[in-house]
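Below you'll find the structure, written out as structure tokens, and then a few comments.
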Amino acid sequence: MEIIDIHTHTFPDELAPRALAALLEHSPESHCCTDGTVGGLRESMKKNGIARSVLMPIATKPSQVFTINRTCKDLMSDDCIPFGTLHPLYDKIPEEIGYLKSIGVKGIKFHPEYQDFYIDDKNHFPIYDQLSHAGLIVLFHAGKDPGPFTCDHALPDALRRVHENFPELKMVAAHTGGWKVWPEVESVLAGLPVYFDTSATSDYYPPELFLRLIRKHGIERILFGSDSPWFDQGKSRRWIESLPLKTGEIEAILGLNARALLDIK
């Protein structure tokens with residue numbers, strides 16, 4: 001079985017120590033399980049039997065979009081799959097989508113808290129329309145966040161509205177649909193044809209409630225994610241494997257669903 005971690009973060013080697021320190025300062029609940037580099041992620045993958053990891057960059061400013069996306073080509077490998085990034089205020093989004101598509105990038109990551117935008121603001125709908133037509137996956141940070149933010153930019157109601165307006169958009173709601181707002185996820189999002197990743201879930205969500213939610217949503221739309229370096233890939237994997245699910249269901253969550261979504265041959 002090939003295990004795919006759909007939700008990880010890395011930083012350039014020279015930037016990683018400063019980036020981790022700055023993020024930890026504002027996120028007292030967080031801690032580091034790697035050194036934040038691609039090399040550190042690969043060590044974790046080898047240790048924990050993870051075949052592939054998807055890298056999720058975040059442009060916190062429009063000026064960062066071009067530079068971050070130009071690193072994607074260098075990061076592409078059999079074991080690391082970089083997503084691109086967009087910022088809603090970036091002034092060349094069509095060109096950037098075209099570039100990402102041309103080099104084989106599979107999707108992009110939005111972090112509405114760090115990027116300070118409401119995902120269901122209609123001003124951003126043209127971006128989703130372009131991403132949908134390009135066939136790119138869109139992974140949203142969803143729910144609350146341990147950082148110093150309002151934590152209301154991507155709640156379940158807003159995620160549902162985005163899906164309803166763009167039903168063909170390949171959409172992933174991180175953190176099992178919404179970090180620390182799982183009752184709302186169960187009532188508002190569960191059952192819709194969008195994906196949930198399991199990142200940053202195991203420490204906070206009781207297994208019996210998680211099982212009820214994913215049964216309602218559908219195993220085929222659940223993707224394994226850790227949120228490394230903030231969460232340990234091995235612990236996250238073992239939590240999924242410990243659930244009272246059939247072998248085929250565990251294999252689907254840990255890799256088969258992501259393989260199909262990412263169109264890995």
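Scanning the stretch 185-198 for residues that are in contact (Cβ under 8 Å) with a residue 40 or more places away in the chain, in a loop (DSSP other than H, G, I, E, B) and surrounded by 23 or more Cβ atoms within 10 Å (Cβ to Cβ) turns up at least one hit.
Tell me, yes or no, whether the stretch 75-84 has at least one residue that is surrounded by fewer than 21 Cβ atoms within 10 Å (Cβ to Cβ), under 25 Å from ALA22 (Cβ atoms) and of a type outside the set (A, V, I, L, M, F, W, C). No; the residues of the stretch 75-84 include none that is surrounded by fewer than 21 Cβ atoms within 10 Å (Cβ to Cβ), under 25 Å from ALA22 (Cβ atoms) and of a type outside the set (A, V, I, L, M, F, W, C).
Tell me, please, whether a residue that is at pLDDT 95 or above and under 18 Å from GLY178 (Cβ atoms) can be found in the stretch 86-103. Checked the stretch 86-103: no residue is at pLDDT 95 or above and under 18 Å from GLY178 (Cβ atoms). Of all residues in the stretch 29-50, exactly one satisfies the criterion of being touching a Cys at 6+ places or on another chain (Cβ under 8 Å) and surrounded by fewer than 18 Cβ atoms within 10 Å (Cβ to Cβ), namely ARG42. Here the condition is being among the β-branched types (Val, Ile, Thr), in contact with a strand residue (DSSP E or B) (Cβ under 9 Å, 6 or more places away or on another chain) and modelled with pLDDT of 95 or more; of THR67, THR71, it holds for THR71 alone.
Does the stretch 120-131 contain any residue that is out of contact with any Ser or Thr (no Cβ under 8 Å at 6 or more places or on another chain), surrounded by 16 or more Cβ atoms within 10 Å (Cβ to Cβ) and aliphatic (A, V, I, L, M)? For the stretch 120-131, residues out of contact with any Ser or Thr (no Cβ under 8 Å at 6 or more places or on another chain), surrounded by 16 or more Cβ atoms within 10 Å (Cβ to Cβ) and aliphatic (A, V, I, L, M): present. One residue is enough: does the stretch 224-233 have a residue meeting the conditions more than 25 Å from LEU136 (Cβ to Cβ) and in contact with a Lys or Arg (Cβ under 7 Å, 6 or more places away or on another chain)? The answer is no, given that none of the residues of the stretch 224-233 is more than 25 Å from LEU136 (Cβ to Cβ) and in contact with a Lys or Arg (Cβ under 7 Å, 6 or more places away or on another chain).
The values are calculated or read from the model by the stated rules, or taken from the named source; none is laboratory data. Predicted, not measured: the structure shown is a model, and the values here were computed from it. FYI the Cβ positions are ideal-geometry reconstructions off the backbone, even for glycines, and counts take in every protein chain you see.
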